[in-house]
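Worksheet: one structure, shown below.
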Amino acid sequence: MILVPRMNVLDKVLTLRPTSVVARLGTRSRLPVLNPRELLAALEGVPAALPCVPVPVRPMLPGLLAAARGEDAVLGLMCPHPLADRGAAERFMAAVQEVAEADGHTRPVFLQAGPVRVPRAEPETLEQLQEGIFRLVDAGFSLVSLDVTRLEADEAAEAVRQLSVPVLERELALEVSLPAGAEGSELDGAQALLEGLQRQGLAVRFLRVSAALLGEEDQDVQFLQSLVELAGQHGVGVSVGEAGRRSARVLPTYVAAGVKKVECAAPFERLALAAYPEPVRTSLEQKAEKAGLGAGELLGVMGAQLPALEAQEAARLEALTFAEACEVLAALGASRTGWKSMLFLAEKWGD
């Protein structure tokens, strides 16, 4: 193995950042925001899944990044509702850059936009969403996730074809959810979608399945293993979304099944909600019920509109976030993947 001097590793890895990321962060930035494709290659054969966590409110960011440094882990940061308003994506990116550079964060991260919900396959809807996805690419995200769970497989493939143009043109990572289908026919729906995407030559990196479809029973593990095998035949990795609603203890099960990426949102949404006074939480819960969302999910949409947390509460939230993130990173096998992936990338592609 060729040994790369430590001082040169980051410089080499920085050359792998997508051009849209460099355009957003600026050439002076030392933050290694990478395409998950490179990170998957670096961790090939390692029993780990890429961790991806949401940032419902800004005070959680220092704790999340500190956990990645403490565990020497790769980390994905997710903006769950990047199209909630016109400035949501840009605010998210600015916050990540400011906190990461203030703390000197130099471990690999990837930045996920979405899942972006695709409610219908009508031309007007897709046209509006495509405009939004162009903005996400320009904002500097290295992964865009499309939620087509409301569409049938053939509709989903066509919607992905239209919406993925700006993502694939920039050679960024694309994730697509399982399409709608009758209970018990998820594998058939997955196969139909994967075949439709393959016919159109669309390079999807992840097929996303909600943890709500999974459980801790043997039959659910078998379904996940079958989905991993099916997706692998098409060169696609499986990701699990909405994980951790019951317990982080189930996370290693996903890794063992061959899942490549896991979104663990629920524990961090609970922490963020608990940081606010009871009247704010009650109001969020009432509005969320009307909107058909979870309260934590709505907090991710409205966080910038809420009063800032008191300094003591913000510091407490940061500390609790750090502890929770360390547990999640360890459960997904991500500990000690940061420097290892950087060495691999510097040696293989950073010339």
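Miscellaneous remarks
- Only a single item in (1) touching a Leu at 6+ places or on another chain (Cβ under 8 Å); (2) over 25 Å from Gly235 (Cα atoms); (3) at pLDDT 95 or above is not met by Ala23, and it is number (1).
- The set of residues from the stretch 156-171 being under 14 Å from Arg135 (Cα atoms) and either open to solvent by less than 10 Å² (accessible area, probe 1.4 Å) or in contact (Cβ under 8 Å) with a residue 40 or more places away in the chain (or both) comprises Leu163, Ser164, Pro166, Val167, Arg170.
- Residue in the stretch 174-192 that is β-branched (Val, Ile, Thr), open to solvent by less than 60 Å² (accessible area, probe 1.4 Å), in contact with a helix residue (DSSP H, G or I) (Cβ under 8 Å, 6 or more places away or on another chain) and not in a strand (DSSP E or B) present: no
- For the stretch 328-351, a residue qualifies if it is part of a loop (DSSP other than H, G, I, E, B), of a type in the set (A, V, I, L, M, F, W, C) and open to solvent by less than 30 Å² (accessible area, probe 1.4 Å), and the qualifying residues are Leu332, Ala334.
- Residue within the stretch 56-66 that is closer than 18 Å to Gln112 by Cβ, in contact with a Leu (Cβ under 6 Å, 6 or more places away or on another chain) and at pLDDT below 95 present: yes
- The test for being crowded, with 24+ Cβ neighbours inside 10 Å and either polar (S, T, N, Q) or within 14 Å of Leu320 (Cα to Cα) (or both) holds for Ser239.
- Within the stretch 127-154, tally of residues that are farther than 17 Å from Leu197 by Cα and part of a helix (DSSP H, G or I): 13
- Meeting the requirement of 3 or more residues that are without any contact (Cβ under 8 Å) to a residue 24 or more places away in the chain and among the acidic types (Asp, Glu), the helices (runs of 4 or more DSSP H) wholly within the stretch 260-327 are 278-291.
- Residue selected from the stretch 303-327 under the condition touching a Phe, Trp or Tyr at 6+ places or on another chain (Cβ under 9 Å) and surrounded by 18 or more Cβ atoms within 10 Å (Cβ to Cβ), by the criterion modelled with the lowest pLDDT: Leu309
- Selection status of Ala256, within 19 Å of Asp154 (Cβ to Cβ), assigned to a helix (DSSP H, G or I) and open to solvent by 20 Å² or more (accessible area, probe 1.4 Å): no
- Here Thr27 fits the description: free of Cβ contacts under 8 Å to residues at least 40 places away in the same chain and either of a type in the set (Ser, Thr, Tyr) or under 22 Å from Pro80 (Cβ atoms) (or both).
- Residues satisfying the stated conditions in the stretch 136-155, i.e. open to solvent by less than 10 Å² (accessible area, probe 1.4 Å) and in contact with a Pro (Cβ under 7 Å, 6 or more places away or on another chain): Leu136, Val137, Ser142, Leu143, Ser145, Leu146, Val148, Leu151
The values are calculated or read from the model by the stated rules, or taken from the named source; none is laboratory data. Nothing here was measured: the structure is a model prediction, and the numbers come from that model. Note that we place each Cβ from the backbone using ideal geometry, even for glycine, and neighbour counts take in every protein chain shown. Each accessible area value is taken on the protein alone, full model and side chains, heavy atoms only, with ligands, DNA and RNA left out. Shrake-Rupley method; radii C 1.70, N 1.55, O 1.52, S 1.80 Å.
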